[in-house]
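The structure under discussion appears below in the form of structure tokens.
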Amino acid sequence: MVRKQALPKEVWIGWVASMTEAYNMAIYAFTAPFLAKLMFRQETAWSAVFFSYCLVFIGSCLFYPAGATYYGFVGDKRGRNKTCIYSTFGLAIATGMMGLIPIHFLGDNAWVWFIFLICSQYFFSGGEYSGSIVFSLEHSKGQQNGLMSAMSCLFAVFGLIAANGLATLSLLTQDERWIRVCFLIGAGGGVISYLLKNQCRETPAFIAIPQESLRSIGIVSLIKTRWPEILGSVLILGLFNVACSFIFVFLPLVYNNQEFDTFKSLIAYGLFLIISGYLADRIGMTKVISIGAGLLTVSIIPLCYFCRNLLTLQLILTVFACLVIGPIHGWMLHQFEVQERCRGIFISSAIAMSVFGGSTVPICLIIFEKFHSTAICCIYPFVIFALSFIYLISRRAREFDIRGQKYSLSGTKEGPRFQNQQR
């Protein structure tokens, strides 16, 4: 009997980095309803909340793509570990400084400081999140890619749970000091992650890349040759971003919920991520992601129309979303060759974040303000889910050529990308 090899410490450190990054990027979103009243005191309650989330939209639309593009080139030229060491530290500093902003002293100008730091967060996050994922998966050496991807997402969920729990407690107390503590905790976690990453080795996959392959780094040629993979990755990442923002940020806002329903849903989120990763290793990543995208597409509008309980609504949508999100990073890892992996994934992530990352909450808030219907707000995520599902179905159809030979295009358990396997 072959004994399973223990995971190297770098895998665990990469997961811890995913957790701290998720916390730091989520803590503003969860505390924004309280901060909105301090930053936009002259506005109505709805307008203040809307403007506070517009700051996130600006950061995700402009600065995340810049950071992802920059760190993608660093990852393919200088190494995976380089992509996230300093981005981790920068993200921690930006988050900590948000907790130190003298809001009352700055008055109506406080939002300027918040938007500067939010933009800084998103720039550093462009290298941190995807960088930590690639770092962990490459150190796991391809063992159970679906489950390893789900574990990376699970640790990110731990960060979301911590951010949501602490933010909810702070909102219930309505005490500005506790809000500040939430940001300072994120800074402390980021510094710990930075120190741990300094003790890590480079991934075996990067070390094995021939040196001549590292010299040609061209974004235009990459997009020309890999545009189908980039387009597909953008759609699937767009589904990821829209689903998470809609389920865990927008729905609690319109239900005016400050209880722990979202906290409970996030716990269920973590559990179902592991199940989806396990399924992906058994029946294939593309198949599991397709099922999740299809279920989200057909269910989101009727669920939001008929279901009046936030927890029930979140739980059902969370189960379907997990089928996509659990294996998503393992799926993306196999869309690009090793020497172009960071550039391919990071550029895809940059496009997806700029288009979908911060747009979901503001767009859905505008629709809700006009129509006062959650079901009508679902039209926006429905379109994204449907496009992703159509792409996945068409991609699965191309896995079989007319001669009956099977090609693994998605990095599932059938084998490496484009490996020809006779039936």
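Data table
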item: Breaking point among (1) surrounded by fewer than 17 Cβ atoms within 10 Å (Cβ to Cβ); (2) at pLDDT 85 or above; (3) of a type in the set (Val, Ile, Thr), for Ile161; result: (1)
item: Some residue of segment 179-194 being over 20 Å from Ala17 (Cα atoms), crowded, with 16+ Cβ neighbours inside 10 Å and at pLDDT 90 or above; result: yes
item: Residue in segment 90-113 that is surrounded by fewer than 24 Cβ atoms within 10 Å (Cβ to Cβ), of a type in the set (S, T, N, Q) and more than 21 Å from Leu184 (Cβ to Cβ) present; result: yes
item: Which listed residue is of a type in the set (Val, Ile, Thr), closer than 27 Å to Glu337 by Cβ and touching a helix residue (DSSP H, G or I) at 6+ places or on another chain (Cβ under 8 Å), from Ile301, Ile236, Ile291, Ile275; result: Ile236
item: Residue ranges of helices (runs of 4 or more DSSP H) in segment 97-210 with at least 3 members without any contact (Cβ under 8 Å) to a residue 24 or more places away in the chain; result: 110-139, 176-197
item: Evaluation of Lys9 against (1) at pLDDT 85 or above; (2) over 21 Å from Met151 (Cα atoms); (3) out of contact with any helix residue (DSSP H, G or I) (no Cβ under 7 Å at 6 or more places or on another chain) (one fails), failing number; result: (2)
item: Among the residues listed as Gly344, Gly326, Gly357, Gly404, the single one being at pLDDT 90 or above and not aliphatic (A, V, I, L, M); result: Gly326
item: Condition broken by Thr44, with the remaining ones in (1) surrounded by 22 or more Cβ atoms within 10 Å (Cβ to Cβ); (2) more than 25 Å from Gly96 (Cα to Cα) satisfied; result: (1)
item: Of the criteria (1) of a type outside the set (A, V, I, L, M, F, W, C); (2) part of a helix (DSSP H, G or I); (3) without any contact (Cβ under 8 Å) to a residue 40 or more places away in the chain, which one Glu43 fails; result: (2)
item: Leading residue by the ranking (nearest to Gly270 (Cα to Cα)) among those in segment 142-154 that are surrounded by fewer than 24 Cβ atoms within 10 Å (Cβ to Cβ) and out of contact with any Asp or Glu (no Cβ under 9 Å at 6 or more places or on another chain); result: Leu154
item: Helices (runs of 4 or more DSSP H) fully within segment 262-372 counting 3 or more residues that are within 16 Å of Leu154 (Cα to Cα); result: 310-325, 328-333
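The values are calculated or read from the model by the stated rules, or taken from the named source; none is laboratory data. Predicted model only: the values in this text are computed from it and were never measured. Reconstructed Cβ throughout: ideal geometry from the backbone, glycine too, with neighbour counts over all protein chains shown.
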